[in-house]
Amino acid sequence: MVTPEVERRLVDAAIEMRQRAYAPYSAYRVGAAVFAGDNYPLFVGCNVENASYGLTVCAERNAVAAMIGGGASQVLAIAVATEDGASPCGACRQVLAEFGQQAIVLRVATASGRIVHRHTMAELLPDCFRSHEQ
Ligand code: THU
């Protein structure tokens, strides 16, 4: 269950991960932390840019990759930390939607250290594309 305590841990982890971002080209740091259930640790990721700009991977997708590698498969909540509380990009929304339409998305502004927006994935990406095999 996504309790206030879980939210607090998520926010702290996302803020911490943001400091590890590799963003020498944009200087825009992003940290993300996923809660996949009480039996799992939080899964974290930061954005990793590349000299070949298009190879950049966002923080959210790196956190999802860590979750899958860690043996979990459902995003119950994710916190995304940026300086200004930005919203996840379209590519990340599609990847997050794969693992939980009901996932709670917390946008955190590190300038204030606060949650500035709270959505569900269904709100962020309604009527998303789903596999025809599911
Ligand atoms: N970025 C993310 O990490 N997540 C998003 O949802 C949007 C953008 C990163 C990619 C790039 O390294 C930097 O932010 C500026 O676009």
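Couple of notes before you dig in:
- Sulfur and carbon atoms: percent of accessible area, the chain [1.4 Å]: 52
- Mean Cβ neighbour count within 10 Å, used as a protection proxy, ranking 123-132, 106-115, 31-40 highest first: 31-40, 106-115, 123-132
- DSSP-defined beta bridges in the chain - what % are antiparallel, rounded to 5: 70
- Gaussian network model of the chain, springs between alpha carbon atoms under 10 Å - residue of Leu76, Leu55, Leu96 with greatest fluctuation: Leu55
- Solvent exposure of the chain as accessible area per residue, Å², 1.4 Å probe: 54
- Computed from backbone phi with θ = phi - 60° and the Karplus coefficients 6.51, -1.76 and 1.60, the 3J(HN,Hα) list for the stretch 95-106 is 5, 5, 4, 4, 10, x, 5, 8, 4, 8, 10, 9 Hz; x is used for glycine and proline.
- Charged-residue dipole, Cβ positions (Lys, Arg, Asp, Glu), the stretch 20-90 about Cα centre, Debye nearest 20: 140
- When peptides 11-24, 56-69 are ranked by their average number of other Cβ atoms within 10 Å per residue, the highest-first order is 56-69, 11-24.
- Sum of -39500 (n - 2.57) over DSSP H runs of 4+, divided by residues of the chain (222 nm, nearest 500): -8500 deg cm²/dmol
The values are calculated or read from the model by the stated rules, or taken from the named source; none is laboratory data. Keep in mind that this is a model prediction, so the values were computed, not measured. When we count neighbours, we look across all protein chains shown, and the Cβ atoms used for this are built from the backbone with ideal geometry, even at glycine. Quick note on the areas: whole protein, heavy atoms, side chains included, nothing else; ligands and nucleic acids left out. Shrake-Rupley method; radii C 1.70, N 1.55, O 1.52, S 1.80 Å.
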